[in-house]
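Data block below; observations after.
The values are calculated or read from the model by the stated rules, or taken from the named source; none is laboratory data. Model, not experiment: these values are computed from the prediction. For neighbour counting, all protein chains shown are included, and Cβ atoms are generated from backbone atoms with ideal geometry for every residue, glycine included.
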Amino acid sequence: MAALRRLNQAKGSPTERTALAGEAAADAAEADLLLSEPPKKPGRPKAPAEDHTPTPGDPQAAAFFDCDNTILRGAAIFYLGIGLYRRRFFSRRDVARFAWQQAWFRLYGAEDPAHMADAQDTALGLVAGKRTADLEQICEEIFEEVITEKIWPGTRALVQMHLDAGQRVWLVTAAPQEVARIIARRLGMTGALGTVAEAVDGAYTGRLVGGLLHGEAKAAAVRALARREQLDLSRCAAFSDSANDIPMLTLVGHPYVVNPDAALRRHARAMGWRVRDFRTGRKAARIGIPAAAGLGVLAGATAAAVAIRRRSGQQHA
């Protein structure tokens, strides 16, 4: 990561920083594989009928799954924020601010760049100097209490179908790597590609490595991982709900659309991509998503930083 850190500190073009974010995510994913135990399969739910059947035992094939509203009902970071608020780690002002971000996203169906930049600056400023181990512990606690029951059974079955075929399965998300790896591990997935916050000697510096793993950066991460893992992307599958992930979906030979937003549904119809919708009731509602791409490291890092700061204060009181 030292080389990536030097590149991150240098000014680069948006394209260079997108590539850097992808390489950083791939680096972190491979590092997690070296440190982790073999994944435990969470059971064998039946895959939906008439879905793509992966080729068993193909060493060059893998599957890539988006997280928010694809695997989870809503956004992982939103649920993390709820858990922290219940622990009184959030102020009312924090909640009001996140509610405004949520309202904007639901009204306009897109992330507002000004909101994203503001939230990112705030979050990274708060997390600077905090220990990575503290964030990981908080993520573990919140996931167990809040997120586990929010997994879409249909998508979980698709994940299991690829695992049962002997393929590697990766989570790809704008959420922090610390959150992404926990969700992937709980689902028995091979690993996760998430946004990487720069850390030195076990503490956050207050910078991202490259930037958020969002849009083109997700595609860059998938390409980087495929190169390292010797995958043939034409034999791989990808699943997402968002038009922001069209770059990732376009990379693979088997793109699938799950619980799509309106823009992705239109694109999928034009391209002939298969669509699966596991929602009931409001067909296009995003349940509790606060501009997930912008808040992936933003709300999560802010929430965790507030929690860590308050815990530290209690310990020194």
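Observations
- Selection of first residues in region 267-278 that are within 15 Å of Asp66 (Cβ to Cβ) and of second residues that are charged (D, E, K, R) and part of a strand (DSSP E or B), restricted to Cβ pairs under 8 Å at least 6 apart or on distinct chains, gives the following pairs, ordered by first then second residue: Ala268/Arg274.
- Within this structure, Leu126 passes the test of being at pLDDT below 85 and on the phi < 0 side of the Ramachandran plot.
- When restricted to residues that are under 14 Å from Thr250 (Cβ atoms) and surrounded by fewer than 24 Cβ atoms within 10 Å (Cβ to Cβ), region 199-218 contains 2.
- Condition check for Gly166: under 15 Å from Asp66 (Cα atoms), more than 17 Å from the chain's Cα centre (by Cα) and surrounded by fewer than 24 Cβ atoms within 10 Å (Cβ to Cβ): no
- Failed condition for Ile182, given (1) more than 24 Å from Trp273 (Cβ to Cβ); (2) out of contact with any Cys (no Cβ under 6 Å at 6 or more places or on another chain): (2)
- The conditions of being touching a residue at least 40 places away in the same chain (Cβ under 8 Å), over 17 Å from Trp152 (Cβ atoms) and β-branched (Val, Ile, Thr) are not met by Val258.
- Among residues of region 190-216 that are touching a residue at least 60 places away in the same chain (Cβ under 8 Å) and under 17 Å from Asp32 (Cα atoms), those with a Cβ under 9 angstrom from a residue that is aromatic (Phe, Trp, Tyr) and surrounded by 22 or more Cβ atoms within 10 Å (Cβ to Cβ), sequence gap 6+ or separate chain, pair up as Thr190/Trp170; Gly191/Trp170; Ala192/Trp170; Leu193/Phe64; Leu193/Trp170; Ala197/Tyr204; Glu198/Tyr204.
- Whichever residue in region 236-250 is assigned to a helix (DSSP H, G or I) and in contact (Cβ under 8 Å) with a residue 40 or more places away in the chain and, among such residues, is surrounded by the fewest Cβ atoms within 10 Å (Cβ to Cβ): Asn244
- The lone exception for Glu136 - which of (1) more than 17 Å from the chain's Cα centre (by Cα); (2) buried (at least 16 other Cβ atoms within 10 Å of the Cβ); (3) at pLDDT 80 or above it fails: (1)
- Filtered residues of region 182-201 (kept if out of contact with any Lys or Arg (no Cβ under 9 Å at 6 or more places or on another chain) and within 11 Å of Ala21 (Cβ to Cβ)): Thr195, Val196
- Meets criteria (modelled with pLDDT of 50 or more, assigned to a helix (DSSP H, G or I) and closer than 21 Å to Ala157 by Cβ) for Ala263: no
- Verdict on Glu145 being surrounded by fewer than 16 Cβ atoms within 10 Å (Cβ to Cβ), in a helix (DSSP H, G or I) and modelled with pLDDT of 80 or more: no
- Condition check for Gly57 on (1) modelled with pLDDT of 50 or more; (2) on the phi < 0 side of the Ramachandran plot: one failure, at (2).
- Filter result (assigned to a strand (DSSP E or B) and not hydrophobic (A, V, I, L, M, F, W, C)) within region 158-206: Arg168, Thr173, Pro176, Gly191, Gly194, Thr195, Glu198, Tyr204, Thr205, Gly206
- All of (1) over 23 Å from Pro59 (Cβ atoms); (2) modelled with pLDDT of 85 or more; (3) surrounded by fewer than 24 Cβ atoms within 10 Å (Cβ to Cβ) hold for Thr173 with one exception: (3).
- Residues of region 223-241 that turn out to be of a type outside the set (Lys, Arg), over 18 Å from His162 (Cα atoms) and in contact with a Gly (Cβ under 9 Å, 6 or more places away or on another chain), as a count: 1
- The residues on offer are Leu231, Leu225, and the sole one that is surrounded by fewer than 24 Cβ atoms within 10 Å (Cβ to Cβ), of a type in the set (A, V, I, L, M, F, W, C) and in contact with a strand residue (DSSP E or B) (Cβ under 8 Å, 6 or more places away or on another chain) is Leu231.
- Given (1) within 21 Å of Asp27 (Cβ to Cβ); (2) surrounded by fewer than 24 Cβ atoms within 10 Å (Cβ to Cβ); (3) touching a Ser or Thr at 6+ places or on another chain (Cβ under 7 Å), index of the condition Gly253 fails: (1)
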